[in-house]
Amino acid sequence: MTLAQRVRKSWWPLGPASLLMPAITIVVVTVATTGPMLRWPYPLWVQTSAQFHQQATWAGLIAGTSACWYATVLHPQDRIWAQPQAPRMGHLAVTYHLTTLIGWLVGAYLVALLPLVVSTVIAGGIGASDPLAMSSGVFAMVAAVAVGYTAGTVMPSKVTVPIVAAGFYALLVIGSAGGERYATVTPALYREPELGQRESLPLQVFRIALFILITAAAASLAGKSLNRTATSTTQLWPRIIDVGTHALAPIALVAISLIHPPVVFATDNQPASSCTKQHAIRYCVHANNQPRLADLVRAVDPIIVRFGTKPDNLDQIWDQALTLHPINADLAHSLDIVWLNPDGTIQTQVAATIAGIHACSHIASDDRRSEKDIERLTQATTDISNYLTTGTAVGTLSAMPAADIQQWIAEHQQQLHTCTLTPDQLPDTQTR
């Protein structure tokens, strides 16, 4: 066989190289989605591990649809090996086909996730990897390939391909919108775990078992379909019965999980913390975030300095990872929460809290102040929050020097924190 013949054979619709394009697409889509995570200075292993199933949304759609197309090209009834007199390969053929498909498509998926794993190792990822979470994603991809291939085998028509694609897309939508309810049956969870959380063991075991069962049922159905003699439309009812029989166990397992769903995320019970105190305010972070404690203080302390005195509604600031378990009400007194994100950013609403924005966000319907006065109050609290964040006085504070703003805050912080400022107490009236 000449080189040209070998190349043509490899690119024939049934040759291994015909899967190069969907494999490359899976790599491109997965790397593009996980790319921003490669630059995170504080990656979390629970989130890196979760990407093995989170990225299976689009990758699974591509893999399953490609496997379906592969089967429809391979198994139409006009092929010589599909004729009634031809020998039946059955499960042996299915094993070979699925091995090829999984090797290319799932292999491409794992290659695409490798840079994320490497970058997490290099950055000293926080926490520990979760092999079961990773495995559930791999088995989800295998199941997607098996289902797509089987659909194309049982119904070897080009019409089957868009139907399978639509089915995988519907699963993607259900997973995103269904929340915890469908966490057991969709490849991707509705959200990723955070520091202080992990995917629960019952959930992981169930998902792995379900995906393995789906793969086995699909492979068995494909093998039985190939073992049947292709004759005519008389094959319709036997195929329907085969589909129903093989789908029974996965459907039963899905039904059980929807009736009695397992807990999605387990949380650390009273996780260890690292704390420090600055300007009479206590800062605490999850023990694994201890290297970021100084960054947290540097992010928030300028706000307190601009405020001019210790806010009477703020005693402590906690990393969000410390609040995922039930907190004693006494411990949560005058508490504000910040988010220490893996990308290095720190999200805080401290300025809004001590400026009174949250207190004024739900003004009672029986409040006697006019709509115009309420608008002025809302604008004043917004301007104060902006000043505390940036150090720049704008709007209602624009005519006041920093010393006057601090004096005004010291005199009116109780009214700020209870949203009881009267029109004559607003900052813009103090300069008239």
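Computed from the coordinates by the stated procedures, all read-outs in this text should not be read as laboratory data. Values in this document were obtained by computation on a predicted structure and should not be read as measured data. When we count neighbours, we look across all protein chains shown, and the Cβ atoms used for this are built from the backbone with ideal geometry, even at glycine.
Distances between placed amide hydrogens fall under 5 Å for LEU44 paired with ILE126, all partners being 5 or more residues away or on another chain. DSSP bridge analysis restricted to the chain gives an antiparallel fraction near 60%, rounded to the nearest 5.
The convex hull of the Cα atoms of the range 357-429, projected and averaged over all directions, covers 4.6 nm². Phi angles of the range 37-51 translate, via the Karplus equation with coefficients 6.51, -1.76, 1.60 and θ = phi - 60°, into HN-Hα couplings of 5, 5, 9, 5, x, 10, x, 9, 5, 5, 7, 4, 5, 5, 4 Hz per residue; Gly and Pro are given as x. Please find, in a Gaussian network model of the chain (springs between Cα atoms separated by less than 10 Å), the residue of VAL147, VAL264, VAL305 whose mean-square fluctuation is greatest. Top of the fluctuation ranking is VAL305. When the chain is treated as a GNM with alpha-carbon contacts under 10 Å, the residue of ASP242, ASP268, ASP373 showing the greatest mean-square fluctuation is ASP373.
Let me have the 222 nm mean residue ellipticity of the chain computed from DSSP H runs of 4+ only, each contributing -39500 (n - 2.57), with the sum over all residues rounded to the nearest 500.
Details: 15 runs with 235 residues, N = 432.
Helices in the chain give a 222 nm mean residue ellipticity of -18000 deg cm²/dmol.
So, R0 is 51 Å and r is the distance between the beta-carbons of SER361 and ALA255; what FRET efficiency does that work out to, to 0.05? Don't skip to the end; give the middle numbers.
On the way: r = 42 Å, r/R0 = 0.83.
After rounding, the FRET efficiency stands at 0.75.
In this simple spin-label model, placing a label point 7 Å from the Cα along the Cα-to-Cβ direction at both ILE327 and THR345 gives a separation of 2.2 nm. Applying the Karplus relation 6.51 cos²θ - 1.76 cosθ + 1.60 with θ = phi - 60° to the range 348-356 yields 3J(HN,Hα) values of 9, 10, 4, 4, 5, 5, 7, 7, x Hz, where x marks Gly and Pro. Relative contact order of the chain: 15 percent, from C-alpha pairs under 8 Å at least 6 residues apart in sequence.
How much length, in nm to one decimal, is gained on full extension between ALA403 and GLU375, taken as 0.36 nm per residue of separation minus their Cα-Cα distance?
Values: separation 28, 0.36 × 28 = 10.08 nm, distance 2.55 nm.
Value of the extension gain: 7.5 nm.
A value for mean projected area of the Cα convex hull in nm² was derived from the coordinates, and within the list [x] 28.7; [y] 18.8; [z] 43.0 it appears as [x]. Computed from Cα atoms, the angle from the helix 131-154 axis to the main principal axis of the chain rounds to 40 degrees. Taking the average, over residues, of other Cβ atoms within 10 Å as the packing measure, peptides 44-54, 284-294 rank 44-54, 284-294 from highest down.
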